[in-house]
1. Working only within the range 62-102, note down all residues that are more than 9 Å from the ligand (Cβ to nearest atom), at pLDDT 95 or above and under 19 Å from the mean Cα position of the chain (by Cα).
2. Might you check whether a residue that is away from the ligand (no atom under 11 Å from the Cβ), buried (at least 21 other Cβ atoms within 10 Å of the Cβ) and outside any loop (DSSP other than H, G, I, E, B) occurs anywhere in the range 105-117?
3. Let me spell it out: the conditions are (1) surrounded by 19 or more Cβ atoms within 10 Å (Cβ to Cβ); (2) out of contact with any helix residue (DSSP H, G or I) (no Cβ under 6 Å at 6 or more places or on another chain); (3) closer than 26 Å to Glu303 by Cβ, and Glu263 meets all of them except one. Which number is the exception?
4. Is one or more of the residues making up the range 182-196 assigned by TED's automatic domain parsing to the domain that holds Val305, polar (S, T, N, Q), surrounded by 16 or more Cβ atoms within 10 Å (Cβ to Cβ) and not in a strand (DSSP E or B)?
5. Report, by residue number, each residue of the range 25-81 that is of a type in the set (Phe, Trp, Tyr) and under 21 Å from Met146 (Cβ atoms).
6. How many residues does the range 1-21 hold that are in a helix (DSSP H, G or I) and touching a helix residue (DSSP H, G or I) at 6+ places or on another chain (Cβ under 7 Å)?
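The values are calculated or read from the model by the stated rules, or taken from the named source; none is laboratory data. As the structure is a computational prediction, the values presented were derived from the model and not from experiment. We place every Cβ from the backbone using ideal geometry, glycine too, and count neighbours over all the protein chains shown.
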Amino acid sequence: MANDKIALIGAGNIGGELLNGIVRESLGDVVLFDIPAKLDFARGKALDTQQAAALWGKSARVEASSDYAAIAGARLCIVTAGVPRKPGMSRDDLLAINVKIIRDVAAGIKAHAPDAIVIVLSNPLDAMVSELRRATGFEPQRVIGMAGVLDSARFSAFIAAELNVSVADVRTLVLGGHGDTMVPCLSYCTVNGVPVPQLMSQEKLSAIVDRTRSGGGEIVGLMGTSAYVAPALSALAMVTSILRNERRLLPCAAYLNGEYGIEGLYIGVPAILGSVGVERIVEVNLSEGEKQALLRSAGAVRELVEAAAKV
Ligand code: APR
């Protein structure tokens, strides 16, 4: 049986990490796509990973291209094309630049990989995934945004460090838009079933929630560019669930059609990811405060989507 073909649109920091993860996990063959000015850079990354694959004992095919014809037949496209944040910038500041890039990418995918499932990572995430869906006209269930897995991983990491327990036992759920309005759902935060609010004070938990909200910005401030290891691994969890039909329940930006009282909008919710993309959106019980926070977050995302439409 032929390997699945995976197209990485954007050969930057996240694209490179994704490439390594896909090859190392034997998820498929990869086309690393970037603009012509970055083609040699992408070729270099492809070669570096191919040589790493010799050390991992993996034999995936890796090809770099700046011609969309190369992505033909891709089962999955992962979009990281765009500009990352610089210190002091919010994700929303990227909107005007990245929306044009996303339209370009959407046209390429629509023309050359019209049956692919698409995962978007470019920021501002909820507006970019929404724009890519609109511009391709693809069914919403096969266009998905990566944010909730990353936000939940950040929340889990901070909780494990504070409690000095294994992060393997920490479960968290962060919903809503990928930005200041994200909604960490405390009722679903446990250490192997033990609710986190029983294990730490309200003050400590609130401080962790705040740090999670600005978790991306903290790293931009330190590195001068945005995080790329955890974002790539978060997308990889989604990719694996889809390609291997694992049907994991993962928080991701999915298109809502009335679920959670939200109509016609991409926003972070728990979804079952399988071979068709979003198999189903899971509606969990939320506290009154969490419901209100999710609706507020939806309002902020809607404003961004409208701003994107005007560009
Ligand atoms: N088509 C394809 N690729 C493009 C295009 C385009 N029209 N425009 C830019 N790119 C490429 C750039 O050439 C670059 O190689 O996208 C890549 C982005 O890589 P980085 O600058 O290293 O950014 P990265 O850290 O990977 O983040 C990418 O994901 O999380 C978000 O905020 C982040 O929006 C940013 C995106």
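1. Of everything in the range 62-102, those that are more than 9 Å from the ligand (Cβ to nearest atom), at pLDDT 95 or above and under 19 Å from the mean Cα position of the chain (by Cα) turn out to be Ala74, Arg75, Leu76, Cys77, Ile78, Val99.
2. Quick first cut of the range 105-117, residues away from the ligand (no atom under 11 Å from the Cβ) only: 110-117.
Filter once more, so that each one left must be buried (at least 21 other Cβ atoms within 10 Å of the Cβ): 113, 116-117.
Right, trim to outside any loop (DSSP other than H, G, I, E, B) and you get 117.
Yes.
3. Condition not satisfied by Glu263: (1).
4. We begin by selecting, within the range 182-196, every residue assigned by TED's automatic domain parsing to the domain that holds Val305; these are 182-196.
Applying the additional criterion that residues be polar (S, T, N, Q) yields 187, 190, 192.
Right, trim to surrounded by 16 or more Cβ atoms within 10 Å (Cβ to Cβ) and you get 190.
Then drop every residue that is not not in a strand (DSSP E or B), which leaves none.
Within the range 182-196, not a single residue is assigned by TED's automatic domain parsing to the domain that holds Val305, polar (S, T, N, Q), surrounded by 16 or more Cβ atoms within 10 Å (Cβ to Cβ) and not in a strand (DSSP E or B).
5. Correct list: Phe33 only.
6. From the range 1-21, those in a helix (DSSP H, G or I) are 13-21; that's our starting set.
Next, from what is left, pick out any that are touching a helix residue (DSSP H, G or I) at 6+ places or on another chain (Cβ under 7 Å): 14, 16-21.
Number of matching residues: 7.
This table checks each residue for (1) in contact with an Asp or Glu (Cβ under 9 Å, 6 or more places away or on another chain); (2) touching a residue at least 60 places away in the same chain (Cβ under 8 Å); (3) not in a loop (DSSP other than H, G, I, E, B).
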site	(1), (2), (3)
Val209	no, no, yes
Leu222	no, no, yes
Met238	no, yes, yes
Ile242	no, yes, yes
Glu246	no, no, no
